[in-house]
Amino acid sequence: PAPPAPAETAAGGATGSGAGNGAGAGNGAGGPEAVPGDNGGAGIGGLLSEPPADFTDTILAGRKVLIVDDDVRNVFALTSVLEGYGMEVFYAEDGQAGIDLLHRNPDVALVLMDVMMPGLDGYATTAAIREMPQFADLPIIVITAKVMKGDRERSLAAGASDYVPKPVDVDRLLEVMRVWLGRSVIG
């Protein structure tokens with residue numbers, strides 16, 4: 001099968017197999033590679049969780065996901081996994097860019113939100129998205145290295161649907177994504 005079409009980024013570039021954006025995510029030339037047991041400091045583990053070539057995940061495949069994260073290593077690692085499941089990946093490097101991208105792509109099915117970013121952090125971005133009626137029910141999963149007592153509660157209070165700590169267990173993240181995307185299919 002043909003590789004997925006490149007996805008729009010907040011900077012107008014694209015992610016995707018070999019597409020690149022000039023920032024190292026998905027460019028196939030000197031970017032980070034998935035090495036067993038080495039997450040390159042990106043906080044994403046379990047990168048060998050890609051499906052068999054003939055597998056189609058009916059909940060994830062064809063869905064659009066927005067990653068809001070200022071660390072291109074995280075974006076690259078997550079994009080590689082999610083595209084392997086047939087998802088179309090968009091990304092933004094800060095909260096305002098994520099909001100702008102959502103306005104241009106209102107059919108995004110789920111957001112993966114980092115907390116610690118320049119400008120609007122993940123909490124403020126999540127709260128701002130929740131104030132927009134068209135995104136009131138959009139699943140937002142916070143992915144963060146902030147795992148201090150109360151961080152999960154603060155994420156949920158800001159409007160996050162769920163919370164996954166870093167380093168990310170990819171199988172756990174996919175499970176959480178399926179739960180929230182399954183709700184939107186049923187609802």
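Key figures for this structure:
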read-out: Index of the failed condition, ALA160 passing every other in (1) assigned to a helix (DSSP H, G or I); (2) closer than 12 Å to VAL115 by Cβ; (3) in contact with a helix residue (DSSP H, G or I) (Cβ under 8 Å, 6 or more places away or on another chain); value: (1)
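For every residue, the table says whether it meets (1) over 21 Å from VAL176 (Cβ atoms); (2) modelled with pLDDT of 95 or more; (3) of a type in the set (Lys, Arg).
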{"position": "GLY31", "(1), (2), (3)": "yes, no, no"}
{"position": "SER49", "(1), (2), (3)": "no, no, no"}
{"position": "MET116", "(1), (2), (3)": "no, no, no"}
{"position": "GLU131", "(1), (2), (3)": "yes, yes, no"}
{"position": "GLN134", "(1), (2), (3)": "yes, yes, no"}
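The rows are residues; the columns are (1) surrounded by fewer than 23 Cβ atoms within 10 Å (Cβ to Cβ); (2) within 13 Å of the chain's Cα centre (by Cα); (3) of a type in the set (D, E, K, R).
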site	(1), (2), (3)
VAL72	yes, yes, no
VAL75	no, yes, no
GLU83	yes, yes, yes
ALA92	no, yes, no
GLY98	no, yes, no
HIS103	yes, no, no
ASP107	yes, no, yes
THR125	no, no, no
ILE129	no, no, no
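The values are calculated or read from the model by the stated rules, or taken from the named source; none is laboratory data. No experiment lies behind these values; they were computed from the predicted model shown. Backbone-built Cβ (ideal geometry, glycine too); neighbour counts: all protein chains shown.
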